[in-house]
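These notes are about the structure you will find just below.
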Amino acid sequence: MTIFRTLFSVLFVLLTANAFSQTIELPEDKVKWSFSVEQEGDEAFIVAKIKIVKDWHINAVKLPKGSFGFPTSLDVKKGPQYTLVGGVIEPEPIQVHDELADEDLAYHEGSFQLKRKIKVLSENDFEISGTFAFQTCDEFKCLPDMSVPFKVKVKGAIASNDATADTTASAGSETAVDSDDTDSKTDKIADGKEKKSERRSLWTTFIISFLSGLLALFTPCVFPMVPMTVSFFTKQSKTKAKGIRNSLIFGISIILIYIVLGTAVTAIFGEEALNNMSTDPIFNLVFFIILIIFAISFLGAFEIRLPSKWVNKADQNADRGGLIGIFFMALALALVSFSCTGPIVGTLIVEAARQGGITPIIGMFGFSLALAIPFGLFAAFPAWLNTLPKSGGWLNSVKVVLGFLELALAFKFLSNADMTLDSHMLERELFLAVWIAIFGVLTLYLFGKIKMPHDSPVENLSVGRVLLGTTTLLFVIYMIPGMWGAPLQIISAFPPPLEYSESPLGVGGGGAASSEVGPEGTVRGPQNLWVFHDYDKALAYAKEVNKPLFVDFTGINCVNCRKMEQKVWGEDGIIESLKNDVVIVSLHVDERKALPKKEQGQFKVAGRKMTVRTTGDKWKLLQIKRYKILAQPYYVMQDPNGKDLSNGSADFEHTSDPVDFKNWLDAGISQFSKNK
């Protein structure tokens, strides 16, 4: 049947709902600047007037010793018409001490000026060009450092003897340089790079939600309503145009109802609380229970129904007619079909809520759009109704298949909670055994070997059902070697990592009985590499062996971290370097181990306080304070003294290709070798 071809194409897409970036997106920097000249005779000052929005700042020109920030600069090109006198003149910066990172910080916020003094040598007017470079930071991250070119005009020494000139760069007489009008390459990076990951995640959410809406169409509660509702509008309307209009309004009403649901979730919980869900074990356990209930409902044990008075009330209001009546008809459809759409919507809300921001709204828009489109299309082309397959037992089969998928996804949430608590109750082997069992039973169901409570007799298997059954059988066979240590790269983001298993080295590879011992303070990590989990111990060992430190900001439940470790770290040329040429420290920002009381407390970050109670909080604060970003995976390389190497940082967004990651890694190792 057609439905099984659809299921075949989106089976694994639905499962990827958990594979979003863990990156937390923050507000964009808004800095305004203008350049002018203050001149008296042959002495002049180039002035940069800077205004920064609240909660953001830029680093001082002169940073304290040991600071790792990007210093602000106001560079002026040399010319024969003038000479530079001294360095950059800046106001007294705000100075704070980061107790956790043991780092002194100095920065400017609000409105202030930077100046460069020059002595004019020319009698004729001339133009000076230069560059204003800075990095804008807030509590959580820094935007990419920015370099702004500028030009100002200066009057010749004789012409300026009688008056003080304050010549502000403006359009026409002088070159204007304003941040709102600048479209430099650096500005595009600052505006675009930080938004790129967010756009990609939102598009992924929309596509998955839209596909889920298409699947919801083929459930027993929704599919029969399409021809019934469209026929009602076309028969009750005096003209075809009015019937089409009413059906379109009906579809728009469906979209509005679900968007309101997504908006309510965002408003009630808030962005920060939603983002915390991805690592909190309690939330993951709650989601596990919710999805288990949804799965059991889809499998036919019971139906999840809303209170009948809600449905009756909406149905009564639908009789009013006009726009209000059409809206309540859409509301009645949403309520009546809840037993089928509720579990799907619930799963999407759970996944979208984990991402925070406007993701729940985008998810509900994609889902409702897929539901609404058929009503508009079939109203415009009613003859198409004759091509729809008749309702029957195949609709229940769709629910059952979705039930198995919900069941599989539920154990991913349970695995998240288990790894966060480090309880080792659901290690890799057991997780794979559960999935093999779930998809194995699904295979038997698709081939008609078992029946669920509300199934119709299966006399002949359709081509679509055979194809989908064969696909799930292949998937089961693919997962079986993973029980003995196979990496399973296709689904590497879902099971616990290889090191979180009964036999970290795999059966036949020594397993837990291996006699190999790594450096003191290390444990088996990704790709069986020895890794530290304590920064100070790792840095001390790097100094002892004189190797660069590979700092890995990661997360226990970070999906993209697992992808990098499984698909990139193990590649030829990379695994050898990670094993032999660097010291690895993996800092889990979501680790729940409590810190000693003396290390707990509240720490000021860009004017705000951050509570630190766990080891994960400690590494999270370190990443925010030092690199002004909270994203995982995030990699940097340092020398044994803790100073960052000049190869910059690496993350999933830009180095998930093994070639790119290898180039970045080699650049750091090469620089360290030259500096030895």
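The values are calculated or read from the model by the stated rules, or taken from the named source; none is laboratory data. These numbers were taken from a predicted model, which means no experiment stands behind them. All Cβ positions, even for glycine, are placed from backbone atoms using ideal geometry, and neighbour counts span all protein chains on display.
Quick look at the numbers
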{"item": "Pairs with Cβ under 8 Å, 6+ apart, first in segment 417-429 and under 18 Å from Leu587 (Cα atoms), second surrounded by 15 or more Cβ atoms within 10 Å (Cβ to Cβ) and hydroxyl-bearing (Ser, Thr, Tyr)", "result": "Met419/Tyr500; Thr420/Thr279"}
{"item": "Residue that is out of contact with any Leu (no Cβ under 6 Å at 6 or more places or on another chain), touching a residue at least 12 places away in the same chain (Cβ under 8 Å), of a type outside the set (A, V, I, L, M, F, W, C) and outside the structural domain of Lys563 (by TED's automatic domain parsing), where the choices are Gly482, Gly440", "result": "Gly440"}
{"item": "Segment 621-676, residues that are of a type in the set (S, T, N, Q) and either assigned to a helix (DSSP H, G or I) or touching a Lys or Arg at 6+ places or on another chain (Cβ under 9 Å) (or both)", "result": "Gln623, Asn641, Thr655, Ser656, Asn663, Ser670, Gln671, Ser673, Asn675"}
{"item": "Flag for Ile304 being surrounded by 15 or more Cβ atoms within 10 Å (Cβ to Cβ) and at pLDDT 80 or above", "result": "no"}
{"item": "Residue match in segment 588-602 (condition: over 25 Å from the mean Cα position of the chain (by Cα) and assigned by TED's automatic domain parsing to the domain that holds Phe661)", "result": "no"}
{"item": "The lone exception for Tyr634 - which of (1) buried (at least 21 other Cβ atoms within 10 Å of the Cβ); (2) outside the structural domain of Val559 (by TED's automatic domain parsing); (3) touching a residue at least 60 places away in the same chain (Cβ under 8 Å) it fails", "result": "(2)"}
{"item": "Which listed residue, of Phe20, Phe4, is crowded, with 18+ Cβ neighbours inside 10 Å, over 29 Å from the mean Cα position of the chain (by Cα), modelled with pLDDT under 65 and within 30 Å of Val559 (Cα to Cα)", "result": "Phe4"}
{"item": "Tabulated pairs, segment 322-335, first modelled with pLDDT under 70, second outside any helix (DSSP H, G or I), C-beta under 9 angstrom, 6+ apart or interchain", "result": "Leu333/Val222; Leu335/Leu306"}
{"item": "Residues satisfying the stated conditions in segment 504-514, i.e. modelled with pLDDT of 55 or more and farther than 16 Å from Lys579 by Cα", "result": "Pro504, Gly506, Val507, Gly508"}
{"item": "Selection within segment 61-96 - hydroxyl-bearing (Ser, Thr, Tyr) and modelled with pLDDT of 85 or more", "result": "Thr72, Ser73, Tyr82, Thr83"}
{"item": "Pick from segment 558-611, criterion part of a loop (DSSP other than H, G, I, E, B) and touching a strand residue (DSSP E or B) at 6+ places or on another chain (Cβ under 7 Å), ranking: surrounded by the most Cβ atoms within 10 Å (Cβ to Cβ)", "result": "Val589"}
{"item": "Members of segment 416-432 found to be assigned to a loop (DSSP other than H, G, I, E, B), crowded, with 18+ Cβ neighbours inside 10 Å and among the charged types (D, E, K, R), listed by number", "result": "Glu427"}
{"item": "Evaluation of Ile669 against (1) β-branched (Val, Ile, Thr); (2) farther than 21 Å from Val531 by Cα; (3) surrounded by 15 or more Cβ atoms within 10 Å (Cβ to Cβ); (4) modelled with pLDDT of 90 or more (one fails), failing number", "result": "(2)"}
{"item": "Residue in segment 489-499 that is at pLDDT 90 or above, under 30 Å from Asp644 (Cα atoms) and charged (D, E, K, R) present", "result": "no"}
{"item": "Near pairs, Cβ below 6 angstrom, 6+ apart or cross-chain, from segment 543-564 (at positive phi and assigned by TED's automatic domain parsing to the domain that holds Lys662) to any residue that is outside any strand (DSSP E or B) and surrounded by fewer than 21 Cβ atoms within 10 Å (Cβ to Cβ)", "result": "none"}
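Here's the yes/no breakdown for (1) closer than 23 Å to Leu488 by Cα; (2) modelled with pLDDT of 95 or more:
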{"site": "Thr522", "(1), (2)": "no, no"}
{"site": "Lys563", "(1), (2)": "yes, no"}
{"site": "Trp569", "(1), (2)": "yes, no"}
{"site": "Ile584", "(1), (2)": "no, yes"}
{"site": "Lys598", "(1), (2)": "no, no"}
